[in-house]
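Notes to accompany the following structure.
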Amino acid sequence: MLLPMTKEELSRCYFKGTSRAALIMEELYEAIHDTKGSPIEDYDTVKQYVDEAIKKVRLEVDIIKTAAQEKLGGDDHYIR
């Protein structure tokens, strides 16, 4: 059933997106350290992990923006 998105549903979308983005950052922190806890010093390796994390975080914030746009649009609906 298609119904307008509620404020609570919008907030839930925000929470999910920001939570996943935070988890991505935690995973990045762990990825740029070796198994002994020392930071990885190889630039290319660190850059690869950072670039991957940026792509994932961008996806999450795009989802947040899309949810806000759908709520604002009024014509768009949210599937419950």
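Here, each number is a calculation from the coordinates, and none is a lab measurement. Since the model is a prediction, treat every value here as computed from it, not as a measurement. Positions of Cβ are backbone-derived with ideal geometry, glycine not excepted, and every protein chain shown enters the neighbour counts.
Side notes on the structure shown:
- Working note: 222 nm ellipticity from helices only, DSSP H runs with n ≥ 4, each -39,500 (n - 2.57), summed and divided by the residues of the chain, gives -25000 deg cm²/dmol to the nearest 500.
- Reported label for calculated Cα extents along the principal axes in Å given (i) 51, 19, 17; (ii) 37, 22, 19; (iii) 74, 23, 14: (i)
- Residues of region 41-71 with an amide N closer than 18 Å to a point placed 7 Å from the Cα of Lys16 along the Cα-to-Cβ direction: 56-71.
- Each part reduced to its alpha carbon centroid, region 6-44 and region 50-68 end up 11 Å apart.
- Sites matching trypsin sites (Lys or Arg not before Pro) across region 1-61 that sit in DSSP coil, with at most 16 neighbouring C-beta atoms within 10 Å: Lys36
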